[in-house]
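I'd like to ask some things about the structure below.
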Amino acid sequence: MKCRSKHIWIEPITGSRKRSNFGWTFILFLGSFGFFLVGTSSYLGRNWISFFPFQQIFFFPQGVVMSFYGIAGLFISAYLWCTISWNVGSGYDRFDQKEGIVCLFRWGFPGRNRRLFLRFLIKDIQSVRLEGKEGIYARRVLYIDIRGQGALPLTRTDENLTPGEIEQKAAELAYFLRVPIEGF
């Protein structure tokens, strides 16, 4: 949901709380938990998964490998669940023409630098830049070039915007900030 008026433009940024992240994390958890159960049941000699008899799996080497993959997958899924719960990467971009200030805010991982907050003047923005890479893994990113600081990305690399959508977004932002558009 964009919030836009004559002088202020606020663009919310979605973080890691996306449906696809929830789905993949849940699938990874179930699969790794299944591997861990099979490896553990082959070690203990108990049938914890009814449709998969433990006699078919010897603990060494199959049970060890399945336990290892299960534990590794559980750690990765725990990391992903933490990333989702902290909503890493979310935030907003705020362009205020009245005050002449641009604010970029993002949430990071817990710690001293959890809150990433950048402020700079609109007059320091040189241009809005588009960068696109076509092919199997197409990537389109929108940047703003800031004098003395380089380019800062405004869109995520995994946002999957069509060329028309990213061009429209760049044109609207460049018109709002009164700066030129570079790249294609």
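Please treat every number below as a calculation from the coordinates, not as lab data. Computed from a predicted structure; not experimentally measured. Quick reminder, even Gly has a Cβ in these numbers, built from the backbone with ideal geometry, and neighbours come from all protein chains shown.
Whether any residue in region 160-175 is buried (at least 16 other Cβ atoms within 10 Å of the Cβ) and without any contact (Cβ under 8 Å) to a residue 24 or more places away in the chain is what I want to check.
There is at least one residue in region 160-175 that is buried (at least 16 other Cβ atoms within 10 Å of the Cβ) and without any contact (Cβ under 8 Å) to a residue 24 or more places away in the chain.
Looking only at region 139-184, count every residue that is more than 19 Å from residue 120 (Cα to Cα), outside any helix (DSSP H, G or I) and of a type in the set (D, E, K, R) and tell me the total.
Number of matching residues: 6.
Looking only at region 7-34, count every residue that is farther than 16 Å from residue 75 by Cα, aliphatic (A, V, I, L, M) and surrounded by 15 or more Cβ atoms within 10 Å (Cβ to Cβ) and tell me the total.
Qualifying residue count for the region: 2.
Kindly provide the set of residues from region 93-130 that are farther than 16 Å from residue 149 by Cα, of a type in the set (D, E, K, R) and more than 18 Å from the chain's Cα centre (by Cα), ordered by number.
Answer for region 93-130, where residues must be farther than 16 Å from residue 149 by Cα, of a type in the set (D, E, K, R) and more than 18 Å from the chain's Cα centre (by Cα): 94, 96, 98, 99, 112.
Is it the case, given these coordinates, that residue 95 is in contact with a Cys (Cβ under 9 Å, 6 or more places away or on another chain), crowded, with 17+ Cβ neighbours inside 10 Å and either under 25 Å from residue 19 (Cα atoms) or not small (Gly, Ala, Ser) (or both)?
Spelling it out, residue 95 is indeed in contact with a Cys (Cβ under 9 Å, 6 or more places away or on another chain), crowded, with 17+ Cβ neighbours inside 10 Å and either under 25 Å from residue 19 (Cα atoms) or not small (Gly, Ala, Ser) (or both).
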